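Written below as structure tokens is the structure these notes are about.
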Amino acid sequence: DGYLVLGAAETVIGLTTAFAPVEGARGIYAKTAAASSLQAAI
């Protein structure tokens, strides 16, 4: 489980397969199954 909370000037552009909007909650996104296969470059 995981959630992403964004401010008004932030967006999930480029991560739309990794996060889906939580219905009725502006700026809160839930991690999707596709996010499990993503790896961040550090």
Filter result (hydroxyl-bearing (Ser, Thr, Tyr) and either in a strand (DSSP E or B) or over 12 Å from Asp1 (Cα atoms) (or both)) within the stretch 11-33 | Thr11, Thr16, Thr17, Tyr29
Residues that are more than 11 Å from Thr32 (Cβ to Cβ) and among the polar types (S, T, N, Q), drawn from the stretch 1-20 = Thr11
So which residues in the stretch 23-42 are modelled with pLDDT of 90 or more and not charged (D, E, K, R), if there are any at all?
-> Gly24, Ala25, Gly27, Ile28, Tyr29, Ala30
Residues in the stretch 8-22: is at least one within 12 Å of the chain's Cα centre (by Cα), surrounded by 11 or more Cβ atoms within 10 Å (Cβ to Cβ), modelled with pLDDT of 80 or more and among the charged types (D, E, K, R)?
-> no
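The values are calculated or read from the model by the stated rules, or taken from the named source; none is laboratory data. Computed from a prediction, not measured in an experiment: that's the story for all the values here. No Cβ is skipped: glycine too gets one built from the backbone with ideal geometry, and neighbour counts run over all protein chains shown.
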